[in-house]
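Data block below; observations after.
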Amino acid sequence: HPRETITWVAANVFCESRAARLPTEAEWEFAARGPDGWIYPWGNTFVADNVVYGGNASMQTADVGSRPGGASWVGALDMSGNVWEWVADWYDAEHYKTLPNGVVNPTGPTSGKYHVLRGGSWWEETSQGLRATVRDWNPPDYGSDFRGFRCARSADESAATTAP
């Protein structure tokens, strides 16, 4: 099962303790939507069997990877459903609406009151809350049983830590 009921602060510390970090919001979204900008990690049509959500989860998380059909274009599992995932960025409602075309991996605001969560969770009842573009936000010291995280490394960092 995914790690849940974790605050942004604790998730950030966990990733750092493993020489990793929380992904940026843009990294998370690109891993979920791919270069074609899919609506869901697996494509543009909702498939209930690809996701752990309110329609099939019995109001709880499931084993990580239990829905392999929901893998994203890079093979990332559970990017839609199971738990909302903390990302590194601070929340700003207008940030994604005002980016100029061609911006790659934009960073969010340098400070704020809330951090962003992505991906939806077992708590979502409809496919709308599970789209790869949906954003949520909470204070960094807030955790709940449908909030979790994943760690990331840049390609350069990964190569450096796995080289012989």
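The values are calculated or read from the model by the stated rules, or taken from the named source; none is laboratory data. Quick caveat, the model's predicted, so the values are computed rather than measured. Virtual Cβ from ideal backbone geometry, glycine too; neighbours counted across all protein chains shown. Areas reflect the complete protein model, heavy atoms only, side chains present, ligands, DNA and RNA absent. Shrake-Rupley method; radii C 1.70, N 1.55, O 1.52, S 1.80 Å.
Table for the structure above
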| read-out | value |
| --- | --- |
| Test result for ALA11, surrounded by fewer than 16 Cβ atoms within 10 Å (Cβ to Cβ), closer than 19 Å to ASP136 by Cβ and not β-branched (Val, Ile, Thr) | no |
| Any chance GLY54 is free of Cβ contacts under 8 Å to residues at least 60 places away in the same chain and over 20 Å from THR7 (Cβ atoms) | no |
| Listing of strands (runs of 3 or more DSSP E) fully contained in region 87-158 that carry 3 or more residues being at pLDDT 85 or above and closer than 19 Å to THR61 by Cα | 147-149 |
| Single unsatisfied condition, ARG153 versus (1) touching a strand residue (DSSP E or B) at 6+ places or on another chain (Cβ under 6 Å); (2) open to solvent by 70 Å² or more (accessible area, probe 1.4 Å) | (1) |
| Filter result for ALA10 (aliphatic (A, V, I, L, M) and at pLDDT below 95) | no |
| First in region 112-133 and closer than 21 Å to PRO2 by Cβ, second anywhere and in a loop (DSSP other than H, G, I, E, B) and of a type in the set (S, T, N, Q), Cβ under 7 Å, 6 or more apart | GLY119/SER80; GLY120/SER80; SER121/ASN82; TRP122/GLN60; TRP122/THR61; TRP122/ASN82; LEU130/SER80; ALA132/SER80 |
| Some residue of region 87-94 being closer than 22 Å to PRO140 by Cα, without any contact (Cβ under 8 Å) to a residue 40 or more places away in the chain and surrounded by 15 or more Cβ atoms within 10 Å (Cβ to Cβ) | yes |
| Answer residue from region 20-45, given it is part of a loop (DSSP other than H, G, I, E, B) and open to solvent by less than 60 Å² (accessible area, probe 1.4 Å) and is farthest from VAL134 (Cα to Cα) among those | ALA20 |
| Meets criteria (at pLDDT 95 or above, open to solvent by 60 Å² or more (accessible area, probe 1.4 Å) and either among the hydroxyl-bearing types (Ser, Thr, Tyr) or assigned to a loop (DSSP other than H, G, I, E, B) (or both)) for THR5 | no |
| Tally of residues being within 12 Å of LEU130 (Cβ to Cβ) and either among the aromatic types (Phe, Trp, Tyr) or surrounded by fewer than 17 Cβ atoms within 10 Å (Cβ to Cβ) (or both) across region 46-71 | 6 |
| Residue under evaluation ASP78, criteria (1) in a loop (DSSP other than H, G, I, E, B); (2) out of contact with any Leu (no Cβ under 7 Å at 6 or more places or on another chain); (3) surrounded by fewer than 23 Cβ atoms within 10 Å (Cβ to Cβ), criterion not met | (3) |
